[in-house]
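Every read-out reported here was derived from the displayed coordinates using simple, explicitly stated rules and does not represent laboratory data. Model, not experiment: these values are computed from the prediction. When we count neighbours, we look across all protein chains shown, and the Cβ atoms used for this are built from the backbone with ideal geometry, even at glycine.
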């Protein structure tokens, strides 16, 4: 004998929950791939072949990507980017994407996830270095320095807190 749910007489328990916006995810991935393909074609058209990169280039790009991703997904200054795609007020990160089940939710998930937006940031920075080498290098190195600064500030704050804790104990 079939259950009422299996017979279609009742709704499944998760029927009210919005489903992941798979179509929007596909559109976002297509946009990403298309953007990279366009950047590659434009680089070829302009005769700007990418050079071989060194470990230093990778480290700089990594720090710049870290800083860009954290800025977009967490900082107050970029809350206007996240605001249309999150519930409530966008401020200092921690917002939740609107559960609409459409492109608005998918973009909200993208801009509130530092790992997710980091992929886009890396692609944009790498493309900028090829298409507009002077600007791309200046932008990437500036963001990398800011990213290293963030790490140093966090490390200094941690060491200071630990030193203060030790001093209080003695």
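Checking the a/c ratio against 1.5 first, then a/b against b/c, what shape does the Cα gyration tensor give for the chain? Could the numbers behind the result be given before it?
Values: a/c = 2.76, a/b = 1.26, b/c = 2.20.
Since a/c reaches 1.5 but b/c is at least a/b, the shape of the chain is classed as oblate.
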> Stretch residue 30-residue 53 to full length: gain in nm at 0.36 nm per residue minus the Cα-Cα span?
Replying inline: 5.6 nm
> When ranked by the protection proxy of mean other Cβ atoms within 10 Å per residue, highest first, what sequence do the peptides 21-33, 158-170, 53-65, 100-112 form?
Replying inline: 100-112, 53-65, 21-33, 158-170
> How far, in degrees from 0 to 90, does helix 114-131 lean away from the longest principal axis of the Cα atoms of the chain, to the nearest 10?
Replying inline: 50
> Out of 146, 126, 41, any idea which swings most in a Gaussian network model of the chain, alpha carbons joined below 10 Å?
Replying inline: 41
>> What is the angle, in °, between the Cα long axis of helix 55-74 and the longest principal axis of the Cα atoms in the chain? Nearest 10 is fine, range 0 to 90.
In response: 50
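By its C-alpha gyration tensor, with a ≥ b ≥ c as the square roots of the eigenvalues, how is segment 77-147 shaped: rounded for a/c under 1.5, else prolate for a/b larger than b/c, else oblate? Walk me through the numbers on the way to the answer.
Details: a/c = 3.15, a/b = 2.07, b/c = 1.52.
Since a/c reaches 1.5 and a/b is larger than b/c, the shape of segment 77-147 is classed as prolate.
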> Tell me, in nm to one decimal, what length is gained between residue 91 and residue 156 on full extension, where the rule is 0.36 nm per residue of separation less the Cα-Cα distance?
Replying inline: 20.9 nm
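Among 67-74, 135-142, what's the highest-first ranking by average C-beta atoms within 10 angstrom per residue?
Details: 67-74: 21.5, 135-142: 15.5.
Most protected by this proxy first, the peptides run 67-74, 135-142.
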